[in-house]
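Okay, structure first, notes after.
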Amino acid sequence: MSEEELAQFQKLSNEYSADQNTTGPYVGERQSSSAIATEYANADRVYQIKTAALPSQYAYFRTCRGDGHCGWRALAFTYYEALLRVGDVNKLEEEEARLQSMHNLLNQVGFQEHVYIDFAEEVYMLLQKLAQSLRSMDGNAENILLETFNDYGTAMGIITFFKLLASAWMQCHPNDFQPFLEYPLKTYCSDNIEASQAELDHLAIGAISNAVTKPAGFAIHVLYLDRSEGTSIDTHRFEPVDQNGMSITNGITMRLLYRPGHYDILYKAEDVPAPIQQQPVPAQAPLQVALAAGYAEEFVPRSNNMTDIMTMIPGLSYTGLSQQWPSVSYDYDPSPAPQPQLQPVPTYAPAPTPAAPVASSHQEYVTPVHASHVGHAQSHHPLRLETPITLPIHNSRPPPPMAIDCPAPPVTIEKGGPFRPSMYELEPGFGSGQLHHLPFQTSIFRNSHYNTAHYLNPDFQPEEWSPDSEYATGNRGRLKSTSQ
Amino acid sequence: MALSATRGANGSNASGSSTVAQRLQKELMDIMMNPTAGITAFPDDENMMCWTATILGPDSTPYESLIFKLSMEFGATYPYEPPTVVFKTPIYHPNVDMSGRICLDILKDKWSAGLSVLSVLLSLQSLLGEPNNASPLNGQAAEFWDTDPAAFKRHVLARHKAPEELDA
């Protein structure tokens, strides 16, 4: 090697250490993966070919800072991200319980609890924060995740826990790992897994996938972008399989891009949820549940809510409602929630003249109603509710007294969200923690006589057989064959 | 051709030394609740970032019944970076140089956040009885250890100072 070449290499080396990989965020924002192809546009031909096809398959990527921890950081980050894609609070709680149950592995191989508990708590703290965010549907979970991983101390704690877990798993399953090693597993683990400077290796990914991600139903794909022969990037897969070797993922894959010495995170277009216009959805559970999914156990209609909603229907008024909307009380709730404290006023009190404007948000949508109006509204508005409501209701309580001059209950102001009259207007992801299955889908219901498809149902309509339509094609065929 | 890559703690915005202090506080509690024969460790002051430790030379080694004082300094990135550990008592040992600096893998690239003050001191104690002569900092000591135990022991005793002498 000539002096010049050496100088050239040294220059490249110096530039490398000042490369963006050693600065910048620990975990970057998600960006278009065309940047990778651009980066390699002037590189070796093998790289050019391999990266050219990348953006069409993998739409996005995320950088990790190349500080010697990028692989572990990418692995831990994508694990949390996969959990967010499940989008279920229960899953997060389940994972916390499962990881906690693995402390005995750590104890078994001799880690001291008072040492690893700090790292474990960082892991659980983040799970809890994300669960909290999902629960409140503030749409902030991704930001929390990114911020947490850009805090050096917290992220290192999380990484360290995964390292210790990988090491413990390997030492507890020596038959899976010792055959790959030329020296004792214990030494390998302390030197190449637990060591703070040790970067993620293939065995560690295997250990983490067996210990953590496969049981959670996630696959890990590692794409190896190197100078090996071929036109495509090799992918190593760590997928959960059943006893027959069939892949049983829940459709969520964590994707890492490995370039010699460095890991980044990759995404297919479908991995990334469409940007959701997140706005805080008020937790107005009772009413929305009633509209969307029948009756929840704890459904306690609150007359003040009802009234507020009804007043948003043009032409309806408080006075009209107060007589026609009885206190809906489903009596299977033995301890009904306390009724809102409204001042008892004569139920049929003619609306005070003129209707005193009430200082609450919904009033903006209601045209002021005059006393003279009210009578008409009752008699000719199409939305009259005069027919008695025939729900399984015991009208055990007197109709809730309602008065116009009563200030709007604070609850409507606090929650302040826009009323959504239809389930189809709920935000995407609304109630992602709960199941909204209609009862009609259960097999019990399908076989019961409450199902109109059941012959004991009074509305049962037998399917009529119309031979013409059913055998139309068959006849034609037969006609042909007979005519020959 | 090895390219020199910089890695590590340079300029890392650690989440502050308060969490480091908390961790060290826990380690201190552990050491005080479960005293280990032949090992002591205590912070120099209330900020917890510098400790003084002592280890007792293990039996049936040239260091038998000698007490060695060490200083331990913890950075803001502890426990993700190893502490800086130095022998304060002069020691004649193949893996320790004349200023007390130690060559031990777990204090360098094999450091793990799962280690602790106690595990470091236990490792150093066993290093006294089992030096790594393959990569000595003190070549003469490595040679005497292998060839002339009596001369080795003489050098150990000549170099050692009792803690009282050290403070004076």
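The contact between chain A and chain B removes approximately 2500 Å² from the accessible area (both sides summed; 1.4 Å probe; ligands, DNA and RNA excluded).
Evaluate peptide B:103-112: per residue, the Cβ atoms of other protein chains within 10 Å of its Cβ; return the mean as an integer.
Values: counts 0, 0, 3, 3, 0, 2, 5, 9, 5, 15.
Shielding by partners across B:103-112 averages 4.
Heavy-atom accessible area with a 1.4 Å probe sorts A:126, B:166, largest first, into B:166, A:126. Judged by the ratio a/c of the largest to the smallest principal axis of the C-alpha gyration tensor, chain B counts as oblate, that ratio being 1.5 or greater while a/b is no larger than b/c. The residues A:133, A:448, sorted by heavy-atom accessible surface at 1.4 Å with ligands and nucleic acids left out, run A:448, A:133 from largest to smallest.
Label segment A:41-198 by shape, choosing from rounded, prolate and oblate, from the square roots a ≥ b ≥ c of the eigenvalues of the Cα gyration tensor; if a/c is under 1.5 it is rounded, and otherwise prolate applies when a/b is larger than b/c, oblate when it is not.
Values: a/c = 2.00, a/b = 1.08, b/c = 1.84.
The shape class here is oblate.
Placing +1 at every Lys and Arg Cβ and -1 at every Asp and Glu Cβ, with all other atoms neutral, what dipole size does segment A:22-149 have around its Cα centre, in debye to the nearest 20? Working shown, then result.
Values: 11 positive and 17 negative charges, 116 e Å.
It works out to roughly 560 debye.
In the assembled protein chains, residue A:39 presents an accessible area of approximately 100 Å² (probe radius 1.4 Å).
Taking Cα atoms only, the orientation of helix B:117-129 departs from the longest principal axis of chain B by about 20 degrees.
Each of B:140, B:107, B:121 was scored by the projection of its Cα onto the charge dipole of segment B:102-158, and the greatest displacement toward the positive side belongs to B:121; charges sit on the C-beta of Lys, Arg, Asp and Glu. Compute the Cα gyration tensor for segment B:120-164, then decide on rounded, prolate or oblate, letting a ≥ b ≥ c be the square roots of its eigenvalues: rounded whenever a/c is under 1.5, prolate when a/b is larger than b/c in the other cases, and oblate in all that remain. The shape class here is oblate. When B:42, A:460, A:180, A:161 are compared by accessible area of protein heavy atoms, the largest-first order is A:180, B:42, A:460, A:161, using a 1.4 Å probe.
For the pairs A:50/A:91; A:11/A:214; B:69/B:108, flag any whose C-alpha to C-alpha distance is greater than 32 Å. With Cα atoms farther than 32 Å apart: A:50/A:91; A:11/A:214.
The values are calculated or read from the model by the stated rules, or taken from the named source; none is laboratory data. As the structure is a computational prediction, the values presented were derived from the model and not from experiment. Virtual Cβ from ideal backbone geometry, glycine too; neighbours counted across all protein chains shown. The accessibility values were calculated without ligands, DNA or RNA, using every heavy atom of the protein model including side chains. Shrake-Rupley method; radii C 1.70, N 1.55, O 1.52, S 1.80 Å.
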